[in-house]
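The values are calculated or read from the model by the stated rules, or taken from the named source; none is laboratory data. Keep in mind the model is a prediction, meaning the values are calculated, not measured. Cβ: placed from backbone, ideal geometry, glycine included. Neighbour counts: every protein chain shown. For accessibility, only protein heavy atoms count, side chains too; no ligands or nucleic acids. Shrake-Rupley method; radii C 1.70, N 1.55, O 1.52, S 1.80 Å.
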Amino acid sequence: MKVYFDTIGCRLNQSEIEKMASQARANGHELVARAAQADVVIINTCAVTLAASSDSRMKIRQAARAGRARIIATGCYATIAPEEVGKLPQVSDIICNQEKDNLIQGILGKPAAGGEPAASARVPLPGRQHRTRAFIKVQDGCDNFCTFCITRIARGRSVSQPKEEIYRDIGAALKGGVKEIVLTGVNLGSWGRDKASSGTLVDLIKGIIADFSPSRLRLSSLEPWDIDENFLEVLTLPGFCRHLHLPLQSGSQGVLQRMGRRNTPQDFLNLLEMIRKAAPDIAITTDIMVGFPGETEAEFEEGLEFVRSLNLAGGHVFNFSLRPGTPAERFPDRIPPAVRKERSERMRAVVESSRLAYHSGFSGKVAQVLWEQAIADNGIWQVEGLTDNYLRIRAEAETNLQNELSDVLLLESRSSFVAGKILPGKK
Ligand code: SF4
């Protein structure tokens with residue numbers, strides 16, 4: 001069958017769709033670059049915010065308009081709102097997150113004999129640019145109870161992927177040519193807790209670096225309370241990316257309590273001090289939610305000043321989004337949209353000025369860059385990529401350096417990137 005894959009939302013969704021694509025290929029199905037060419041379209045949906053659910057519906061409608069394919073909807077939105085998804089055009093199957101792993105086998109099965117052998121190298125989806133990094137699912141679900149969160153409802157309790165499977169996926173990704181491995185999950189820090197023999201996330205990281213020596217190993221989001229002293233060990237391992245994304249959500253003690261978060265602002269501050277002592281140049285980024293029910297002006301100001309004091313390397317600011325079935329859906333004192341908008345603009349300004357300050361601190365230093373894009377431009381190449389501590393760098397090169405690593409002298413910091421000069425060696 002001709003199959004088209006698409007996804008919305010987080011890195012976990014991305015890693016799942018790529019894995020399903022490898023399974024479909026290994027089962028002898030042909031992957032196509034557009035929905036119009038497909039017999040079957042598989043869409044991994046998202047429900048983290050109201051907007052994400054709406055984007056999921058839009059993707060399904062677009063696929064339906066593109067051709068006559070049957071549409072299989074999976075992912076968080078399909079899991080929490082199957083009735084709504086069932087009313088969308090050409091949707092033939094709705095597969096909840098808990099059944100997702102069997103989707104390819106269960107729905108597509110194997111075509112007639114003569115399929116291509118099991119894919120040993122992970123390759124990009126058709127029509128997508130060859131990528132420099134691969135998202136590897138190591139964990140799913142969550143055992144925490146943040147009161148605003150729909151993800152834990154859509155994905156269930158925390159489940160760790162077996163180490164053998166993680167290793168198989170990493171092997172396939174590196175064989176496919178990527179230089180950076182990104183470990184991802186819903187609550188990454190809880191890896192191994194549900195499987196007595198597995199060890200911890202720190203053990204997994206140390207094992208991957210020892211057994212694969214990847215050029216780069218990056219972590220996706222980590223809950224702050226999942227980091228202890230033992231974790232500091234990995235910060236200086238070869239190839240470990242000095243970037244931690246630690247969702248704070250709010251800088252106000254009162255709001256954090258109503259959110260059901262397991263840390264206080266002071267805990268977060270202590271954690272950053274401990275991490276920065278072990279890795280001074282590390283990039284700490286975060287997620288902040290403004291406009292949580294009951295958030296007073298004083299609590300917002302308290303949070304704003306707290307975030308300003310953290311010297312973050314960047315972050316995402318979200319407006320509180322009411323999610324069905326979450327405890328916060330029943331909380332009183334909702335914040336009017338205009339106030340939420342005004343608060344998120346002020347919080348974004350603070351996070352942005354911290355990001356610029358962090359970036360400009362590297363002018364004159366040398367860093368290794370993994371080039372993601374290369375555009376030919378009158379005999380030279382305009383290249384763009386990321387350092388391990390998530391600085392976005394642009395430079396000129398003599399050759400196409402996409403998916404290559406270069407040492408770069410960092411020059412002046414601009415609004416969205418840092419200009420650089422590639423040093424002799426990889427030009
Ligand atoms: S830690 Fe909280 S916000 Fe994160 S997935 Fe779990 S319940 Fe949701």
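Considering the chain, which cysteines have no disulfide-compatible partner, defined as another cysteine with its Cβ under 4.7 Å away?
CYS10, CYS46, CYS76, CYS96, CYS142, CYS241
Roughly how many percent of the accessible protein surface of the chain is carbon and sulfur, given a 1.4 Å probe and a whole-percent answer?
53 percent
Over all distinct Cα pairs, what is the inverse of the mean 1/r for the range 305-353, reported as the Kirkwood hydrodynamic radius in Å?
Every distinct Cα pair counted, the radius reaches 12.5 Å.
Using a Förster radius of 22 Å, what is the FRET efficiency between ASP203 and ASN311 based on their Cβ-Cβ separation? Nearest 0.05, please.
The value I calculate is 0.10.
Return one quarter of the surface area of the convex hull spanned by the alpha-carbon atoms of the chain, equal to its mean projected area, in nm².
Details: hull surface 87.3 nm².
The orientation-averaged projected area of the Cα hull of the chain comes to 21.8 nm².
Per residue and in Å³, how big is the convex hull formed by the alpha-carbon atoms of the range 132-241?
105 Å³
Using +1 on the beta carbon of Lys and Arg, -1 on that of Asp and Glu, and nothing else charged, what's the dipole of the chain about the Cα centre, debye to 20?
980 debye
Taking the highest mean first, how do the peptides 344-351, 260-267 order by number of other beta carbon atoms within 10 angstrom per residue?
Taking the mean over residues of other Cβ atoms within 10 Å, the ranking is 344-351, 260-267.
So with the 1.4 Å probe, I'd like the accessible area per residue for the chain, rounded to whole Å².
Averaged over the residues of the chain, the accessible area is 43 Å².
Quick one: what are the phi-derived ³J(HN,Hα) couplings along the range 27-39, Karplus 6.51/-1.76/1.60 with θ = phi - 60°, whole Hz, x for glycine and proline?
My calculation for the range 27-39 gives 8, x, 8, 9, 8, 10, 8, 9, 4, 4, 8, 8, 8 Hz in order.
Grab the other residues whose beta carbon is less than 12 angstrom from that of ILE150, score K and R as +1, D and E as -1, and report the net.
Numbers: positive: ARG152, ARG155, ARG323; negative: GLU329.
With Lys, Arg at +1 and Asp, Glu at -1, the neighbours total +2.
Sort the following peptides by mean Cβ neighbour count (other Cβ atoms within 10 Å, averaged over residues), highest first: 283-295, 80-92, 167-179. Walk me through the numbers on the way to the answer.
Values: 283-295: 22.1, 80-92: 15.7, 167-179: 18.8.
In descending order of packing, they fall as 283-295, 167-179, 80-92.
Checking the table LYS19/LYS59; LYS175/LYS206; LYS137/LYS206; LYS175/LYS195; LYS87/LYS341 against a 23 Å threshold on Cα-Cα, which pairs fail?
From LYS19/LYS59; LYS175/LYS206; LYS137/LYS206; LYS175/LYS195; LYS87/LYS341, over 23 Å: LYS175/LYS195; LYS87/LYS341.
Measure off 7 Å from each Cα along the Cα-to-Cβ vector at SER360 and ILE380, then give the distance between these two points in nanometres to one decimal.
Distance between the two pseudo-spin positions: 2.5 nm.
Where a Cα-Cα gap under 19 Å defines reach, which lysines qualify for LYS421, not counting those fewer than 8 residues away within the same chain?
LYS365
Nearest 500 deg cm²/dmol is fine: what mean residue ellipticity at 222 nm does the chain get from its DSSP H runs of n ≥ 4 alone, each adding -39,500 (n - 2.57), divided by its residue count?
Roughly -9500 deg cm²/dmol at 222 nm, from the helical runs in the chain.
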